[in-house]
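These notes are about the structure you will find just below.
The values are calculated or read from the model by the stated rules, or taken from the named source; none is laboratory data. Bear in mind the structure is a predicted one, so any value in this text is a computation, not a measurement. Cβ placement follows ideal geometry from the backbone for every residue including glycine, while neighbour counts extend to all protein chains displayed. To get the accessible areas, we keep the full protein, side chains included, count just its heavy atoms, and leave off ligands, DNA and RNA. Shrake-Rupley method; radii C 1.70, N 1.55, O 1.52, S 1.80 Å.
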Amino acid sequence: MSEEDQTTSGTPMPLTAGRTALVVVDMQKAFLDPQGSCARLGLPYDALRTAIPGVKRLIAAARESGLPIIYTRFVYRDDYRDGGIVTNQLLPALRETRALAAGTADIEIIDELTPQSGDIVIDKNRPGAFHGTPLRSCLDGLDANGLILCGVTTNVCVETTAREAMQHDFRVWVVADATAEFEDDRHTVALKGLNWMFASIVESRQALAAISSLGQTNPNT
């Protein structure tokens, strides 16, 4: 997808030094590991792994510049009592294969992107990272008003989180080549929909340049 296809104005909304956080969405073994539940279900998990290099670069840049890093994880109770309509009706195979169950390797962040001391990890049991979680409180504690989003999957958890973030009045960037979906058309449509009103869609090079600039002017680094 060309940059012109992804953006309407070509100029992302501005982010503020000292008030921007990197949010890494669901880069878990369930979705990305050959032994994870997506692979066990026969889903094309390799398609999601295309996000790993971009996410890795963004995390490294954020650490260098002193931007807060927030990881999200999709986690259900061991007994799936919090799974609701998803595990009971829409996708019962998740429950049948013990996908994303608390206490299993499935829920862990992949080894290449392991959180470090000082990073924030938010567990959620719905696609949106704000729903029923302390994410908003953590962002308020950081005095954040802008988010750079990356991770998987574009059409589900990334998109839902981006839409929620805008409705909480955050400035949102979604990094197109550091997100991924099982199917290319769903990735494309999700980004185009977000671009209309909910987020600025950018490439890694733009996000990395912004992170470097934010770090240079961040009084906390």
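Quick rundown of the values:
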| quantity | calculated |
| --- | --- |
| Residue check, residue 132 more than 12 Å from residue 70 (Cβ to Cβ), open to solvent by less than 40 Å² (accessible area, probe 1.4 Å), outside any helix (DSSP H, G or I) and not hydrophobic (A, V, I, L, M, F, W, C) | no |
| Sole residue being modelled with pLDDT of 95 or more and not in a helix (DSSP H, G or I), chosen from 46, 123 | 123 |
| Condition check for residue 114: farther than 20 Å from residue 132 by Cβ and not acidic (Asp, Glu) | yes |
| Matching residues, the range 90-114, being in a helix (DSSP H, G or I), open to solvent by 70 Å² or more (accessible area, probe 1.4 Å) and touching a residue at least 24 places away in the same chain (Cβ under 8 Å) | 112 |
